[in-house]
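The structure appears right after this line, and notes come after that.
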Amino acid sequence: MEKISVKLPSLADAKRRSKQPSNIERVNYDLPEYVKNIGVNRKYYLRTYGCQANERDSETISGLLEQMNFERTTKPEDADFLLFNTCAIRANAENKVFGEIGQLKRLKVNNPDIIFGICGCMVQEEVVVDKILKQYDQIDLIFGTHNIHRFPQLLYNAMMSKERTVEVFSKEGEIIENLPVNRFNNYKAWVNIMYGCDKFCTYCIVPYTRGKQRSRLMEDIINEVKELKEKGYKEITLLGQNVNAYGKDLNMEDGFADLLEQVAKVGVERIRFSTSHPKDFSIKMVEVMRDNKNIMPFLHLPVQSGNNEILRKMARGYTVEHYKMLFDELKKNIPNIAFSTDMIVGFPNETEEQFQDTLKLVEYCQFDFAFLFIYSPRVGTPAAKMEDSIDEKTKSRRLKELNEKVASYANLKNQAYLNKVVKVLVDGKSKKNDKVYSGYSEENKLVNFTGENIKTGDIVDVLITEIRSWSMNGEKVER
Ligand code: SAH
Ligand code: SF4
Ligand code: F3S
């Protein structure tokens, strides 16, 4: 058994970027003999917060747990091992996690043998680990986003040594290929194409929690996609914090457009990707999206603000004019494309005029959907050091105003679908009514519908009969 020593995260190290290319390690993943059976007759409970990167990491963690012979449970009360895979993007995401760890302390009081772990982006933060070590003695195991491959040994250590096991690396690790994966869905899959982010938008914590940008090799990605196709997957989403910068660390020019074209050729029915950054989005990308029918006519293109001065302070690296140019180019080439975006209100010292510019951009783009956030200062980021004269009430009012505008355009955009037929990938029965099914159209519209002979994972034609702002209703029709 390996001796594990405590390794704490360091903000100073997380800020550093080395020039060295990342090693790719091809593990022939075989668990160390001593951890193989630690899950026999034991159950695990895994809760995931945050973005798809975390969901995909949880699929790896779950794959590892199942190799250790743990069985999954959806009830915390039944678990011998509880793990929270956390998100650090905004303060309210973190507060939720702290609240829930607090609530589950009672389980530990009833059964002191339970192992309680926390991993993911939050524990990459120095301040968070410090707080957990001081205030949350129910936590036995802490590991970060760069050492998931070491999780079995770390869990073993936490179970056997009865000491707190803490191992967080602040420098990005190698790319580890061939880790086991327990995919939570058998018709939609998420495929990492890169890890980390080098954009350092001034408000964002991700470059510190996920490390330097590291792209996987194209052949490894294509092989994974081919394997998924053979298994019958209908939809694949390529994942990265900034997918349009794919391959820049491998000296590729426009690597993402090439990758996307190759992935499309594999022939999976639906291909999506997330997240795109306007600065790196190339004109060739527009052509690849236009020319491949299995790349879905939908783009999530976060703009963050409609004002150039705020964009500059955010270090986004593009102007509103550039964003509109891209938007127009996409609309011209792919007339049925749907758009969503992310926007932040209340960035430090955002004036009323600057906020109005964001409203104007919404009027221009008429987004199908948008995720809206109030700016949340994150320790260690440049924006957190900026003085801010805008009070919380003003920020909340702006969020409400922006939300109303976004909702009205979302409704307007959906109106165009009335009496039309869309193709829906069925996700299953609706939670509220078991006669109603739900799924997403090619344009990423949420559709609730009725009909006969419908199976989860099918792609069906649905006639749209009723419109709402955030969804549409319809009936299945025969092709
Ligand atoms: N890599 C993606 C998204 C990362 S986080 C991208 O660049 O688009 C998802 C969204 O959260 C961001 O687009 C941004 O709108 C929001 N966000 C990130 N940091 C934030 C912060 N400190 N406060 C409020 N919103 C934030
Ligand atoms: Fe954060 Fe910007 Fe990177 Fe997106 S591109 S993850 S917002 S730093
Ligand atoms: Fe959250 Fe980390 Fe994703 S901070 S949004 S889980 S990369």
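The values are calculated or read from the model by the stated rules, or taken from the named source; none is laboratory data. Note that the structure is predicted; figures quoted are calculated from it, not measured. For neighbour counting, all protein chains shown are included, and Cβ atoms are generated from backbone atoms with ideal geometry for every residue, glycine included. Ligands, DNA and RNA are stripped out before the accessible areas are found, and what is left, the full protein with its side chains, is counted by its heavy atoms. Shrake-Rupley method; radii C 1.70, N 1.55, O 1.52, S 1.80 Å.
On the basis of being in contact with a strand residue (DSSP E or B) (Cβ under 7 Å, 6 or more places away or on another chain) and of a type in the set (Asp, Glu), does GLU309 make the cut? Show your work before the answer.
Numbers: in contact with a strand residue (DSSP E or B) (Cβ under 7 Å, 6 or more places away or on another chain): no; of a type in the set (Asp, Glu): yes.
Criteria not met by GLU309.
Regarding the range 256-269, can at least one residue be identified that is more than 13 Å from ligand 2 (Cβ to nearest atom), in contact (Cβ under 8 Å) with a residue 60 or more places away in the chain and not in a helix (DSSP H, G or I)?
yes
Name the residue that is surrounded by the fewest Cβ atoms within 10 Å (Cβ to Cβ), counting only residues in the range 163-174 that are touching a residue at least 12 places away in the same chain (Cβ under 8 Å) and over 24 Å from the mean Cα position of the chain (by Cα).
Here is the first cut: in the range 163-174, the ones touching a residue at least 12 places away in the same chain (Cβ under 8 Å) are 164-174.
With the extra rule that they be over 24 Å from the mean Cα position of the chain (by Cα), the set shrinks to 164-166.
Details: ARG164: 15, THR165: 24, VAL166: 23.
Ranking the candidates gives ARG164 first.
Can you say whether GLY144 is touching a residue at least 24 places away in the same chain (Cβ under 8 Å) and within 16 Å of ligand 3 (Cβ to nearest atom), as far as the supplied structure shows? Before you say what the answer is, go through the steps one by one.
Working: touching a residue at least 24 places away in the same chain (Cβ under 8 Å): yes; within 16 Å of ligand 3 (Cβ to nearest atom): yes.
When the stated conditions are applied, GLY144 passes them.
Determine which single condition ASN244 fails, assuming it passes every other condition in (1) more than 15 Å from ligand 3 (Cβ to nearest atom); (2) open to solvent by 20 Å² or more (accessible area, probe 1.4 Å).
Among (1) more than 15 Å from ligand 3 (Cβ to nearest atom); (2) open to solvent by 20 Å² or more (accessible area, probe 1.4 Å), ASN244 violates only (2).
In the set TYR49, TYR45, which member is within 29 Å of PHE347 (Cβ to Cβ), of a type in the set (Phe, Trp, Tyr) and buried (at least 19 other Cβ atoms within 10 Å of the Cβ)?
After ruling out the rest, the residue left standing is TYR49.
How about the range 17-34: which of its residues are open to solvent by less than 60 Å² (accessible area, probe 1.4 Å) and not in a loop (DSSP other than H, G, I, E, B)?
Of all residues in the range 17-34, those open to solvent by less than 60 Å² (accessible area, probe 1.4 Å) come to 18, 22, 24, 27, 29, 31-32.
Scanning the range 17-34 gives a single hit, ILE24.
For the range 336-451, please list each of the strands (runs of 3 or more DSSP E) lying entirely inside it that holds at least 1 residues being within 16 Å of ligand 2 (Cβ to nearest atom).
Working: elements: 338-345, 369-374, 421-429, 437-441, 446-450.
The qualifying strands (runs of 3 or more DSSP E) are 338-345, 369-374.
Just the residues that are in contact (Cβ under 8 Å) with a residue 60 or more places away in the chain and not hydroxyl-bearing (Ser, Thr, Tyr), please, taken from the range 192-206.
Correct list: ASN192, ILE193, ASP198, LYS199, PHE200, CYS201, CYS204, ILE205, VAL206.
With the requirement that a residue be within 16 Å of ligand 3 (Cβ to nearest atom) and either farther than 18 Å from GLN354 by Cβ or open to solvent by less than 10 Å² (accessible area, probe 1.4 Å) (or both), what does the range 284-323 give you?
Pass one, the range 284-323, residues within 16 Å of ligand 3 (Cβ to nearest atom): 300, 302, 304.
If the condition is that a residue be within 16 Å of ligand 3 (Cβ to nearest atom) and either farther than 18 Å from GLN354 by Cβ or open to solvent by less than 10 Å² (accessible area, probe 1.4 Å) (or both), then HIS300, PRO302 are the ones that fit.
Of all residues being in contact (Cβ under 8 Å) with a residue 24 or more places away in the chain and open to solvent by 20 Å² or more (accessible area, probe 1.4 Å) in the range 333-352, which is nearest to PRO297 (Cα to Cα)? Just the residue, please. Working first, answer last.
Keep residues of the range 333-352 that are in contact (Cβ under 8 Å) with a residue 24 or more places away in the chain, which gives 333-334, 336-350.
If we keep only those that are open to solvent by 20 Å² or more (accessible area, probe 1.4 Å) as well, we get 333, 336, 342, 349.
On the way: ASN333: 11, ASN336: 7, ASP342: 18, ASN349: 36 Å.
Step by step, filter the range 333-352, then rank; the result is ASN336.
Of all residues in the range 3-16, which are open to solvent by 70 Å² or more (accessible area, probe 1.4 Å) and either in contact with a helix residue (DSSP H, G or I) (Cβ under 9 Å, 6 or more places away or on another chain) or part of a loop (DSSP other than H, G, I, E, B) (or both)? Before the answer, list the steps.
Filtering the range 3-16 down to residues open to solvent by 70 Å² or more (accessible area, probe 1.4 Å) leaves 3, 6-8, 15-16.
Selection gives LYS3, VAL6, LEU8, LYS15, ARG16.
Could you please find all residues in the range 262-279 being under 21 Å from the mean Cα position of the chain (by Cα), of a type in the set (D, E, K, R) and either open to solvent by less than 30 Å² (accessible area, probe 1.4 Å) or more than 16 Å from ligand 1 (Cβ to nearest atom) (or both)?
Across the range 262-279, the qualifying residues are ARG270, ARG272.
Tell me the residue from VAL127, VAL97 that is surrounded by fewer than 17 Cβ atoms within 10 Å (Cβ to Cβ), modelled with pLDDT of 95 or more, within 16 Å of ligand 3 (Cβ to nearest atom) and hydrophobic (A, V, I, L, M, F, W, C), please. Lay out the reasoning, then the answer.
Numbers: VAL97 fails: surrounded by fewer than 17 Cβ atoms within 10 Å (Cβ to Cβ).
Of the residues listed, the single one that is surrounded by fewer than 17 Cβ atoms within 10 Å (Cβ to Cβ), modelled with pLDDT of 95 or more, within 16 Å of ligand 3 (Cβ to nearest atom) and hydrophobic (A, V, I, L, M, F, W, C) is VAL127.
Within the range 178-203, track down each residue that is buried (at least 22 other Cβ atoms within 10 Å of the Cβ), assigned to a loop (DSSP other than H, G, I, E, B) and within 16 Å of the chain's Cα centre (by Cα).
If the condition is that a residue be buried (at least 22 other Cβ atoms within 10 Å of the Cβ), assigned to a loop (DSSP other than H, G, I, E, B) and within 16 Å of the chain's Cα centre (by Cα), then ILE193, GLY196, CYS197 are the ones that fit.
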